[in-house]
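Chemist: What follows is a single structure, and I will ask about it in a moment.
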Amino acid sequence: MKQENKKQKVKFPIGMKLVTLFTVLVVLVLGLSTAIVVYMVSRDSKIKAEDSNNTLNVVTSEAVQSIIIANQNNTLGFLNELVLSRNKNIEKEMFEDFCVRNNDILFVQSPVTGLITSPKAELDKPGCSKDFDAFLKTNSFKIGQARNGLVEVVNMSNVLKQPALCVLFPYEVNGKKSYAAVGFNAAKVVDLMTNSGMNTSFLMGRDGRILLSSNNESSEGSGYVDVASYVISNANFDESQVLAKDDEGYAWYVAYKKLAGGMYSVTVISEYKVLQAIRHTAYEISLLSLAILFLSIMMIRYFSKTLTNPILDLADAAEKIGAGNFEVTLEAKTKDEIGLLTENFVAMSNGLGNFMRFTNKTLVEQAMKGKLGLGGKRKDVTIFFSDIRSFTAMSEKMTPNEVVEFLNEYMTAMERCVERTHGVVDKYIGDAVMAVWGSPETAGSTASDAWNAVNAALMMRSELYKLNKKRAKEGKGKIQIGCGINTGSVVAGQIGSNHRMEYTVIGDAVNLASRTEALNKPFQTDILITENTYKLIGDRLVVEEMPSVHVKGKEDAIKMFAVINTKDVLLNDGKGPENLKQVRKLMGFHEIDKSQVNTDEEEKKYKIGK
């Protein structure tokens, strides 16, 4: 009967609106066809681009290598001819003739000739022989490699501020191992390299550094240069092509071939550029599809708006609830199944919102993910307790509504500090707050959890300072709080009865944190940490050691430390107090004689050590 009554309330069955599904069909057909076309064309374009890139690199590498080998062989021929002539008097004429036949030559260095510079180089840059000599001295390692039989090619563009290379190769004189070097203008080499806007070629040394580039780029740092450097440094073959990504995620086809002198001829092309035209075509197809879809939507708008709009509203509301915002404002605008669903959804969200006010959000999320099992676990955590000084006397002067309003404002500010440092508020005990770092979630280590807890307490100090300034303008008294922090082993789990349970932590470490908080009152401090916490992060804090405390049930005295600030804050900007005296002045505490401090004699929980 109930189901029949509900059906009667639905005046416009949702089945009548299923005609709007053809909109989805339009999107599917156009979208799928576009995706298939883009995929197939992209695949063919990638294959063609890869083949073209590799072919260009092969052609470029052969042309470049022929120039470099020609300069080396011509120089070797000149030196051999000079040795055979056995006439030092005609060395100058022979070299000038050699430079005329090889007009790109800049200099020759050998044990036969020493360093000799071409007339053209001297004319273009008088005194360049000193620069060439300095260049050779800075490449002593490469020269040593040449003496040992290796051919080395070195970039010397910085010497002339124009493309130039130097070939170092082994050379023997009278059976004695030595080397020869020839420097030459590399403008022709650069001209042979591809720089079409799509493909870019360059020479790279075996160390992954650019020697020459088609766009005269000589420094590392661009995406494709870094990618090519990585490929060359890890090359397993003398010639290959790979697809690699740069730091920004862009993919590059890198074709390389090993040349003489340990060089590599490299040609790259961006996959992004290869697919750029395809993306543009896909964009145009998408615009056409959108136009068709728009016309379709206009034709069925009357039928679809009563279905799609409420569903979108429900989807937005569900997303807000998933983010923890349960203040959903929805109205059932239709009398169909969607309207009925909207009414029930609003009722559910209101119920969840009321429920979440009594439950910790982090714990709920952990429970929903199945990460909170039954039973307890031993964990190392940092426990935090805070309490408002003289709250009982303060509340007696306030109405109940004022007390609740004040606590809500105060607790909201304090809880925000806990959440920002990835802690969990375990419970509120009147005006006191208990929070935990390291359970159920941890920042990664016990020290990190302890650091977050201390930072939360320092944030609370800042928030309380702001709150007190506001209260002062309103003519209200200053609020003082005490915070106690301890790190130790606890049992964490769901504790309670069969009807009601809560997730909490128990153990001596919790009791010590509570007792540490109480010591703020006699010590006239606002943040105290135990030596357990201090041992983990004390090197990052500015503290003042307080008298040690003998806790009931503990044989050894426990050291206490008043937190003044963090060292990094003082080093970076110097903001905040630098000593305990400044803390007390800032937060309204008075100075004390530590040697005269005694704890509450009624509880007999601890005594101050000397």
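Chemist: For the stretch 375-406, name all the residues that are open to solvent by less than 30 Å² (accessible area, probe 1.4 Å) and either closer than 23 Å to Tyr503 by Cα or modelled with pLDDT of 90 or more (or both).
Modeler: Within the stretch 375-406, Val381, Thr382, Ile383, Phe384, Phe385, Ser386, Ile388 meet the criteria.
Chemist: In addition: Given the structure, is Leu123 without any contact (Cβ under 8 Å) to a residue 60 or more places away in the chain, touching an Asp or Glu at 6+ places or on another chain (Cβ under 8 Å) and either open to solvent by 20 Å² or more (accessible area, probe 1.4 Å) or outside any strand (DSSP E or B) (or both)?
Modeler: Numbers: without any contact (Cβ under 8 Å) to a residue 60 or more places away in the chain: yes; touching an Asp or Glu at 6+ places or on another chain (Cβ under 8 Å): no; either open to solvent by 20 Å² or more (accessible area, probe 1.4 Å) or outside any strand (DSSP E or B) (or both): yes.
Answer is no for this residue.
Chemist: Give me the pairs: first residue in the stretch 396-407 and touching a residue at least 24 places away in the same chain (Cβ under 8 Å), second residue not in a helix (DSSP H, G or I), beta-carbon distance under 8 Å, and six or more apart or on different chains, which are they?
Modeler: Leu407/Asp431
Chemist: Please specify each residue of the stretch 46-77 satisfying the condition of being surrounded by fewer than 17 Cβ atoms within 10 Å (Cβ to Cβ) and among the small types (Gly, Ala, Ser).
Modeler: Ala63, Ser66, Ala70, Gly77
Chemist: Here is a check on your reading of the model: is Thr421 over 20 Å from Ala518 (Cα atoms), among the polar types (S, T, N, Q) and touching a helix residue (DSSP H, G or I) at 6+ places or on another chain (Cβ under 8 Å)? Lay out the reasoning, then the answer.
Modeler: Working: over 20 Å from Ala518 (Cα atoms): yes; among the polar types (S, T, N, Q): yes; touching a helix residue (DSSP H, G or I) at 6+ places or on another chain (Cβ under 8 Å): yes.
Answer is yes for this residue.
Chemist: Further, regarding this structure: Are any of the residues in the stretch 147-156 closer than 19 Å to Asp207 by Cα and loosely packed, with under 15 Cβ neighbours inside 10 Å? Talk me through it step by step, then tell me what you get.
Modeler: At the first step, the residues of the stretch 147-156 found to be closer than 19 Å to Asp207 by Cα are 148-156.
The next check asks that each one be loosely packed, with under 15 Cβ neighbours inside 10 Å; those that pass are 148-149.
Among the residues of the stretch 147-156, at least one is closer than 19 Å to Asp207 by Cα and loosely packed, with under 15 Cβ neighbours inside 10 Å, which makes the answer yes.
Chemist: Got at least one residue in the stretch 487-494 being over 33 Å from the mean Cα position of the chain (by Cα), farther than 13 Å from Ser386 by Cα and of a type outside the set (Val, Ile, Thr)? Explain how you work it out, then say what you get.
Modeler: Just the residues of the stretch 487-494 that are over 33 Å from the mean Cα position of the chain (by Cα), to begin with: 490-491, 493-494.
Checking the rest, the ones that are also farther than 13 Å from Ser386 by Cα come to 490-491, 493-494.
Pick out the ones that are also of a type outside the set (Val, Ile, Thr) and you get 493-494.
So far as the stretch 487-494 goes, yes, one or more of its residues are over 33 Å from the mean Cα position of the chain (by Cα), farther than 13 Å from Ser386 by Cα and of a type outside the set (Val, Ile, Thr).
Chemist: Got at least one residue in the stretch 270-282 being assigned to a strand (DSSP E or B), under 22 Å from Leu203 (Cα atoms) and modelled with pLDDT of 80 or more? Spell out the reasoning first.
Modeler: Narrowing the stretch 270-282 to residues assigned to a strand (DSSP E or B): 270.
Subsequent filtering for residues that are under 22 Å from Leu203 (Cα atoms) retains 270.
From the residues that got through so far, the ones that are modelled with pLDDT of 80 or more too are 270.
The answer is yes, given that some residue of the stretch 270-282 is assigned to a strand (DSSP E or B), under 22 Å from Leu203 (Cα atoms) and modelled with pLDDT of 80 or more.
Chemist: Something else about it: Does the stretch 157-172 contain at least one residue that is assigned to a strand (DSSP E or B), charged (D, E, K, R) and within 18 Å of Gly114 (Cβ to Cβ)?
Modeler: From the stretch 157-172, those assigned to a strand (DSSP E or B) are 164-172; that's our starting set.
With the extra rule that they be charged (D, E, K, R), the set shrinks to 172.
With within 18 Å of Gly114 (Cβ to Cβ) added as a condition, the list becomes 172.
Checked the stretch 157-172: at least one residue is assigned to a strand (DSSP E or B), charged (D, E, K, R) and within 18 Å of Gly114 (Cβ to Cβ).
The values are calculated or read from the model by the stated rules, or taken from the named source; none is laboratory data. Everything numeric here is computed off the predicted structure, so don't read it as measured data. Positions of Cβ are generated from backbone atoms using ideal geometry, with glycine treated the same way; all protein chains shown enter the neighbour counts. All accessible areas refer to the heavy atoms of the entire protein, side chains included, with ligands and DNA or RNA removed. Shrake-Rupley method; radii C 1.70, N 1.55, O 1.52, S 1.80 Å.
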